[in-house]
Structure formats: structure tokens, C-alpha cells
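The values are calculated or read from the model by the stated rules, or taken from the named source; none is laboratory data. Source: prediction; values computed, not measured. Neighbour counts are summed over all protein chains in view; Cβ atoms, including those assigned to glycine, are modelled from backbone coordinates with ideal geometry. Ligands, DNA and RNA are excluded from the accessible area calculation, which covers all protein heavy atoms including side chains. Shrake-Rupley method; radii C 1.70, N 1.55, O 1.52, S 1.80 Å.
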Amino acid sequence: QLQASGGGLVQAGDSLKLSCVASDSTFSAHAVGWFRQALGKEREFVARLRWSGRGNYYAESVKGRFTTSRDYPENTVYLQMSSLKPEDTAVYFCAAATKYSTGSYKLQEEYDYWGQGTQVTVSS
């Protein structure tokens with residue numbers, strides 16, 4: 001129900017745009033989040049977008065470099081990544097939270113639908 005794409009191999013300083021396409025039912029969600037998992041590390045929060053449009057939130061490590069946005073008619077959420085660093089190398093996942101949470105949708109447990117992930121590799 002979620003399909004992430006757009007990953008690839010880029011050099012440090014380059015930009016890349018990830019896409020997350022979802023079925024209608026998945027995108028009647030409260031939030032869509034992006035997470036990443038580097039080799040040998042735990043999955044971590046990157047960014048999230050509230051479907052209501054009430055503001056986005058970013059991890060400190062990507063703030064100012066990454067931007068998440070949506071294309072509502074196309075049921076697509078994007079993660080625009082700029083000034084990429086080697087430490088951004090990871091598998092990136094998009095996820096949808098269809099259940100209401102009193103939290104800020106920064107935790108994996110708040111999301112109930114996950115895409116398959118797309119690899120982003122940044123060379124130095």
C-alpha cells in the first residue's frame with residue numbers, strides 16, 4: 001500500500017528526491033513519516049508530514065537540508081534531500097499513521113503502514 005522510490009548513489013553535496021505513493025485508504029492518514037536505517041544501526045526518525053497540513057517536523061540531523069511535502073491529488077509524499085552527506089547513507093522508509101496519536105508522530109510505533117524502503121548511498 002506504500003511504495004517508496006527515488007533512491008540511488010550520489011556524491012556528497014548532491015540532492016535527491018524520494019517519493020512515497022500510497023493507496024487512498026493509506027493516505028487517509030494522520031501523518032506520513034520518513035525513517036532511515038543505516039547498516040548495523042537502528043531505524044531512526046527523519047521527518048514527518050501531518051496530512052492536515054499542520055506543520056512538518058524534522059530530525060535535527062536533517063533540519064535545513066531535507067524537506068517533506070505532499071501532492072494530494074496524486075497521493076504522493078516527497079522527501080527532498082539536499083546537501084547530502086555520507087552519514088545520510090541508509091535505507092529510507094516511508095510510513096503512514098492511520099490511527100490518531102497524542103504524540104508527535106516521531107515514533108515508529110505510531111505508524112501502522114510501511115513501505116519497502118529505498119537505498120540512498122552518498123559517497124564522499
Exposed-loop cut sites defined as GluC sites (Glu not before Pro) in DSSP loop states with at most 13 other Cβ within 10 angstrom; longest site-free run of the chain spans 61-124
Chymotrypsin sites (Phe, Trp or Tyr not before Pro) in region 37-124 lying in a DSSP loop, each with at most 16 other Cβ atoms within 10 Å of its Cβ, come to Y100
Gyration tensor (Cα only) of region 1-71 to equivalent ellipsoid, semi-axes in Å sorted down, yields 21, 15, 13
Checked against a 20 Å limit on the C-alpha separation, the offending pairs among K63/K99; K17/K63; K17/K41; K85/K106 are K63/K99; K17/K41; K85/K106
Expected max-MSF residue from L49, L79, L16 in the GNM of the chain (alpha carbon, under 10 Å) is L16
Heavy-atom accessible area per residue of the chain, all protein chains kept, 1.4 Å probe, expressed in Å², is 52 Å²
Cβ-Cβ cut-off under 15 Å around A12, Lys and Arg +1, Asp and Glu -1: the net charge is -1
For D112, the accessible surface traced by a 1.4 Å probe with all protein chains present amounts, in square angstrom to the nearest 10, to 50 Å²
Per DSSP loop assignment and a cutoff of at most 12 other beta carbons within 10 Å, the chain keeps its longest run without exposed trypsin sites (Lys or Arg not before Pro) at 1-40
Kirkwood calc, the chain, C-alpha pairs only, radius in angstrom 14.2 Å
